[in-house]
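Just below is one structure, and these are the notes that go with it.
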Amino acid sequence: MNRDGVIVTILWVAMTAIGEWLAVTARIMPLGAAEQAAVIDEAFTLLLVLAVPVATLVLAFFFYSILRFRAKDGDSEDGPPVRGNNALALVWVLGSLILAVYIIFNPGLKGIRELEASQGADLVIQIEGVQWHWNVRYPDYDLSYDRALQIALPVDTRVRFDITSQDVLHSVWIPAFRMKMDAVPGRVTTLYVTPNKVGDFSMDPNLRVQCAELCGTGHPLMRMDVRVLEQDEFQEWIQEAREQAMGGGMEGMDMSGEMGGEMSGEGMSGQGADDSAKESK
Amino acid sequence: MKPVFKGILWALLGVILGVALLVVIRLAFGLPAWKAGPAVVMGYLFGLSGWLLGVGVWDYWARGWLGRPNKPYTTTGWRRYFDFDTDHKVIGIQYGVLLVVLFLIAGLLAMVVRYELMRPGRDLLNSAEYNTMMSLHGTTMVFVAVATIMGAFGNYLVPIMVGADDMAYPRLNALSFWFVPPVGILLLGAALAGGYDTGWTGYTPLASLTRMGAMFYNLAFLTIGFSSILGSINIITTVITMRAPGLTWGRLPIFVWSILGTAALSMLFTQFVGLAMIMTILDRVAGFSFFDPARGGNPILYQHVFWFYSHPAVYVMILPAFGIALEIISHFARKPLFAYKWAVAGMLGVVVMSAIVWAHHMFTAGLEEKLAIPFMISTELISVPTGMVFLAALGTLWHGRLNLKTPMLFALAVIFNFLIGGITGVFLSDVPVDMHLQDTYFVVAHFHYTIVGGGIFGLFAGIYYWFPKMTGRMYNEKLGKLHFWWMFLGFNFTFLPMFWLGINGMNRRIADYMPQLGGLNMWVSMAAFFLGASFIVFVYNMVVSWVRGEQAAANPWGARTLEWLIPSPPPLHNFPGAPRVLDDPYGYGVPGAVHARVAPAPAPAPASD
């Protein structure tokens, strides 16, 4: 190998070492509060670890060439008439193919299998998206409330969300759980989460349900707090919630209410409507 | 009458005729005379027809159908750029200028969006206004990204690079261009009609239920789709049938290959987004229920039909940029394009595979669970042909003699930016990871790195590379380099942090976000303003150089493709006599290697007494 090749290889190895060190030590992901988050974070990290040498290989050749092979001003001579190198091209293509196939299996299919293995329905919660709030039902506990401001989940329990929409597409995303599923009118979609860390929105803003499919003007505010509680606290919460919902009172536990003041009157006026809805400031 | 004025007049007549027809039909069926939605559709369809007829279809085409002679074309000088001119060079510049103007306008919209996003709460815009600005920014930019390189440089350069005197269908070419101004009008109309909330993706049911602006967006997409399809037919026919003697497929410049692949995608897939738009319009104005679950429809169907086009569309956006980048890299490294055949195979591989990846946009849409897997597989595999383009780029640079002028800087940036954009795409293609990152700023960063970092930087590479050829003048090199570094730094400072924002819980298309992310959003907005300002340098350089720049030689870069063997700017029919192609245009380092010889003009007939 000629001198340039040696230097580029050293450069590549050095950049890879630094890149890999960063990839495994940097705290990239936010709080993870569910089993599924661990699966997904691991998948992300693996992809990062595999991406680093690919990126550094390209960058090493790229930067070295730009610095080393720059023509001097006024030099208009041609470079060497190298048309290609079939052996190199074959290695390059096969290498990228092997890498692509590998990641299909791991973390692709492996991740999917792990997520599937974590599915369960010890607790079922029904969530319905409506412009621009969520309605929540705990069928196991005979609890339901509209315009939800919060939901609670017992820790270390396999939860199944049955999700639907009353009007347009919405999406249930809980960043701390890393799980997301669209709410589609006319069908029920499913999301499985197993929270494994106690906490709530005031502790970490990623413990929230965020609507993650553009649904109109109220989209950013379509959120609710997620509270992950110990089993006994969860039972207490259920009790209080039922009292609130039954009694119609909305103070104290702050279960439901209007989110944001500007959503009145905005939005769709029925199927096939083509008149502009009034805008509200 | 000047064609643009005639077009506007006939367009207005068309609108009136269309609306009148609607009123008559509605009254005949016992319905109330006026309904806004159908009126917009009928008015637009007749108005568009009037516009096209007035701007040139009548004079230069339709008259012939009725047995009358077509009007002779006599416009000269700068007026040609406002006329139904069939010269591919004029049309290329028409496309280029109009679309770059639209690009800058859409960029201004981005500045407004970023202003709103500087701080977590609501600042300047209410939610409807924000959604509209954001949607118009996306929609306009997508149209620019899809149409500009092919419309401007494909039209201008492909005939010359294959040794032809024009495109296969010159009138069709002019027609394709004149579809584009109505698109601009519609986007303006969308804003005036109340705006729309759906983003450039127009998902149903929201798209058929929200404010009227959404329908203007549907009609705009449909219109530019027509333009794309017609343009692609022209390109493909030209490259297949009009290559000069000796220009075999193996000698075709890589830029022409990239445009050919792009045209194939455009021609085969654009119909699907047209269909998605039509179905949405029908749901809105004619009581159809394609996407209304209450009446047997399926909202997810829209996503399938939409993305069946819109995924290949992103390859329409990047392939020409790859073509320009590889072309420039070879000529500015003064070295043959490394692994040319592999690069072509890579591009064609991308074209074929782009057809089978679309549902990776839908991993969280509520698909039947197992369906995600084949799309994950195909998406991860598409990185293989893409990698072949990188092999060609790096292999060409290695041991080259690099001339780091502005076109080369932009071409190199395409490679650098797309490396980041492409690799982050792999993260998104992994279904588990996508569960978290779908619809977040990670996606926003990914597609800006690929489409802007790759596609738009490629566009600017082409603009600086071919500016001397097209205008006959040199741009200012110092200003070009200034623009490059300003834009490159601004771009990376703006979009790199967005990966972090997405991972940390910021979803897309929102004006209100978690306060903790305020600091980083402020940085991103400042960087975006910095990026936006870089275009002032660009516009100044273009305008001043076009008017007063130094005269350009025929071949200021010492490159080898056919356009550099004719004067700057080229004469009307490009070549004095048909060129004869002897080899490919990458024969650097071989003394005496020649791509083609341009025959001298045929001797004038001897004067007779």
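Each reported figure results from applying straightforward, stated rules to the coordinates on display, with no laboratory input. Given the structure is predicted, the values throughout are model-derived calculations rather than measurements. We place every Cβ from the backbone using ideal geometry, glycine too, and count neighbours over all the protein chains shown.
Annotations for the structure displayed:
- Length-normalised contact order of chain B in % [C-alpha pairs under 8 Å, at least 6 apart]: 14 percent
- Taking packing as the residue-averaged number of other Cβ atoms within 10 angstrom, the listed peptides A:91-102, B:217-228 run from highest to lowest as B:217-228, A:91-102.
- Treating r as the C-beta distance of A:N85 and B:M522 and R0 as 41 Å, the FRET efficiency rounds to 0.25.
- Inter-site label distance for B:A33 and A:F63 at 7 Å from Cα along Cβ, in nm: 7.2 nm
- Label-reachable residues, the range A:127-157, where backbone N falls under 19 Å from a point 7 Å from A:M203's Cα toward its Cβ: A:150-157
- Ordering B:T148, B:L301, B:S545 by Cα displacement along the dipole of the protein assembly as shown toward the positive end leaves B:S545 in first place; charges were set at the Cβ atoms of Lys, Arg (+1) and Asp, Glu (-1).
- Of every Cα-Cα pair in chain A, the percent that sits beyond 32 Å: 46 percent
- Average projected area [Cα convex hull, the range A:123-247], square nanometres: 6.9 nm²
- Once divided by 2.2 N^0.38 Å, the Cα radius of gyration of the range B:1-65 becomes 1.27.
- Projected-area mean, the range A:143-187, by convex hull of Cα positions, square nanometres: 4.0 nm²
- Here the Debye sum runs over all C-alpha atoms of the range B:518-609 as equal scatterers in vacuum, and log10 of I(q)/I(0) at q = 0.19 Å⁻¹ comes out as -0.97.
- Across the protein assembly as shown, counting alpha-carbon atoms alone, Rg and Dmax equal 28.7, 114 Å.
- Each pair of Cα atoms in the range A:1-140 enters the Kirkwood radius, and Stokes-Einstein at 25 °C and 0.890 mPa s then converts it into a translational diffusion coefficient of 123 µm²/s.
- Averaged over B:27-37, number of beta-carbon atoms from partner chains that fall within 10 Å: 1
- Separation between Cα centres of the range B:256-292 and the range A:73-127, rounded to whole Å: 30 Å
- Cβ-Cβ FRET estimate between B:L188 and A:E20, R0 fixed at 60 Å, reported to 0.05: 0.75
- Kirkwood hydrodynamic radius computed over the range A:115-190 comes to 12.8 Å, based on all pairs of distinct alpha carbons.
- Taking B:K469, B:K335 and counting other C-beta atoms within 10 Å, the order from fewest to most: B:K469, B:K335
- With a 10 Å cut-off around each Cβ of B:401-408, the average count of Cβ atoms from other chains is 3.
- Separation in nanometres of the label points that stand 7 Å from Cα toward Cβ, at A:N106 and B:R122: 5.1 nm
- Pairs from A:K110/B:K341; A:K72/B:K481; B:K335/B:K481; A:K72/B:K335; B:K2/B:K469; B:K2/B:K35 whose Cα-Cα separation, in the structure shown, is over 27 Å: A:K110/B:K341; B:K2/B:K469; B:K2/B:K35
- A:T194 sits among other residues whose Cβ lies under 13 Å from its own Cβ, and their net charge, with Lys and Arg +1 and Asp and Glu -1, is -1.
- For the range B:85-573, projected area of the alpha-carbon convex hull averaged over all directions, nm²: 21.7 nm²
- Equivalent ellipsoid of the range A:1-50: semi-axes from √(5λ) of the C-alpha gyration tensor, largest first, are 34, 10, 5 Å.
- Debye equation applied to the C-alpha atoms of the range B:428-471, log10 I(q)/I(0) at 0.14, 0.29, 0.33, 0.34 Å⁻¹: -0.48, -0.92, -1.00, -1.03
- Euclidean distance between Cα centres, the range B:448-467 to the range B:359-405, Å: 19 Å
- P(r) weight above 18 Å for the range B:189-285, C-alpha pairs, percent: 55 percent
- Ordering B:F84, B:F467, B:F529, B:F103 from the fewest to the most neighbouring beta carbons within 10 Å gives B:F529, B:F103, B:F467, B:F84.
- Relative contact order [Cα under 8 Å, 6+ residues apart], the range B:459-609, whole percent: 28 percent
- Over the range B:122-243, the Kirkwood radius and the radius of gyration, each from Cα atoms, give a ratio Rg/Rh of 1.12.
- Placing R0 at 60 angstrom, the Cβ-Cβ distance between B:L482 and A:Q231 gives a FRET efficiency of 0.40 after rounding to 0.05.
- Distance from the range A:202-217 to the range B:89-114 (C-alpha centre basis), Å: 34 Å
- Helix axis angle, A:35-68 relative to chain A longest principal axis, alpha carbon, degrees: 30 degrees
- Cα-based helix-to-principal-axis angle, A:231-247 vs chain A, degrees rounded to 10: 50 degrees
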